[in-house]
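So the structure is just underneath, and the comments pick up after that.
The values are calculated or read from the model by the stated rules, or taken from the named source; none is laboratory data. Predicted model, so just to flag it, every value in this text is computed and none were measured. All Cβ positions, even for glycine, are placed from backbone atoms using ideal geometry, and neighbour counts span all protein chains on display.
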Amino acid sequence: MNLRRVQALGLVFLVIAAPGRPARTAEAGAEDLAADGPLAVETIDFPDLKDARRADRALPIKVHLAKEGGPYPVVVLSHGGGGNRDANFAQARHLASHGFAVFCTEHPGSNTEVLKRGFRIVENLKAMTRDSTEVLGRPRDISFAIDRAEEWNRAHEKLRGRLDPERVAVMGHSYGAYTALVVCGARPALDWLAPAVPPGKGLGPDLSDPRVDCGVAYSPQGPTEPFFVEGSFASIAKPLLGVTGSLDTVQGGLPAESRRRGFELWPPRDKVFVWLANADHLAFSDSTGSGRIGLPSPSREDAQPVTRAATLLFLRGHLKGDAEALKRLTGQTLKPFCRGRIDNVDVLAK
């Protein structure tokens, strides 16, 4: 398989990295935002969930949260194309150790099983991003996960009273970034879907969920095939954090700078865009600790400290009411976390 061809698709399937070096803190004695927090974390897996309202669509969820305490804000995490509920394992554990309950979803039409069919990985990746059932179904998978958070907070033996479904974020990488953007109000394009969805072109339905407070999009798309057109972003109504890098190329051979165009089209107010010098597409998912194996990234180990620090500050601000955290979400705060291949970071805000 040609690694460059897979990365050019603008997607990611499950990856694993070697254990990373500890990130530098901004100053002596300061909190290391990139490191795991003080809370011990447990994992609860729900492998057999189905959505009865959608023909028993299989929707496994793996929950990461602190072993004690709560209630914790809920972060619903959407994997990239060909991934699964362990694709962002290390990132989920990081957030859980800082006091969030992370619901890692698995989308059945774009998971690892679908990716491997017939050993046609590149073709399968392309097909799953144009599959109308999957493209329009993924945002509803997030709503299903939020429904489960509400249900389990009421009645689940281990989760009752430990979740706060009144404070919810959606987060995702690549195909998961598309998912997060749509749940936050972006409108998917119908132009490239198969089977076609009437009227066949232009903006698709509103698939946003009003229960979501904010979104985090790693490798967010601009107005390019197969997900969005220029008018897709005007309806975004939630705070958003976008994170990408100068080597994060886009399907069809477009340069990483095309992702900046998407940010330019996001409506103003509570929007932040983090640009990492020399970060590639696969750098923004980290399955370390899950035992899964997949494509490596030359910049993942160096990109993750900056990515985690930015994400933690953003979520603290919008889910925990920490206004100081949002003020700190700047290049000045994040640059001390740059290392190795990642030699600079720029932060845009509007």
Could you give me the residue pairs with C-beta distances under 6 Å whose first residue belongs to the range 36-58 and is on the phi > 0 side of the Ramachandran plot, whose second residue is surrounded by 13 or more Cβ atoms within 10 Å (Cβ to Cβ) wherever it lies, and which are 6+ apart or on separate chains? ASP56/LYS50
Between a residue in the range 129-155 that is closer than 16 Å to GLY172 by Cβ and any residue that is at pLDDT below 95, which pairs come within a Cβ distance under 7 Å, given they are 6 or more apart or on different chains? THR129/LEU11
Report, ordered by the first and then the second residue, all pairs with beta carbons closer than 7 Å, sequence separation of six or more or different chains, a first member in the range 318-335 that is closer than 19 Å to GLY99 by Cα and touching a residue at least 40 places away in the same chain (Cβ under 8 Å), and a second member that is of a type outside the set (Phe, Trp, Tyr) and part of a loop (DSSP other than H, G, I, E, B). HIS318/ASP213; HIS318/PRO239; LEU319/ASP213
Which residues, taken from the range 192-215, are in contact with a His (Cβ under 9 Å, 6 or more places away or on another chain) and not charged (D, E, K, R)? CYS214
Checking GLU301 against (1) assigned to a strand (DSSP E or B); (2) touching a Gly at 6+ places or on another chain (Cβ under 7 Å), which test does it fail? (1)
Within the range 99-126, restricting attention to residues that are in contact (Cβ under 8 Å) with a residue 40 or more places away in the chain and out of contact with any helix residue (DSSP H, G or I) (no Cβ under 7 Å at 6 or more places or on another chain), which residue is surrounded by the fewest Cβ atoms within 10 Å (Cβ to Cβ)? LYS126
Can you pull out the helices (runs of 4 or more DSSP H) entirely within the range 104-223 that have at least 2 residues that are over 15 Å from the mean Cα position of the chain (by Cα), within 14 Å of VAL74 (Cα to Cα) and not aliphatic (A, V, I, L, M)? 132-155
Selected residue (criterion: nearest to the chain's Cα centre (by Cα)) from residues of the range 293-327 that are basic (Lys, Arg) and crowded, with 18+ Cβ neighbours inside 10 Å: ARG308
The lone condition GLY231 fails out of (1) assigned to a helix (DSSP H, G or I); (2) crowded, with 24+ Cβ neighbours inside 10 Å is (2)
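Yes/no matrix, rows are residues, columns are (1) among the charged types (D, E, K, R); (2) out of contact with any strand residue (DSSP E or B) (no Cβ under 7 Å at 6 or more places or on another chain):
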| residue | (1), (2) |
| --- | --- |
| GLN251 | no, yes |
| ALA256 | no, no |
| ARG269 | yes, yes |
| ASP286 | yes, yes |
| ASP302 | yes, no |
| LYS320 | yes, no |
| GLU324 | yes, yes |
| LEU329 | no, no |
| ASN344 | no, no |
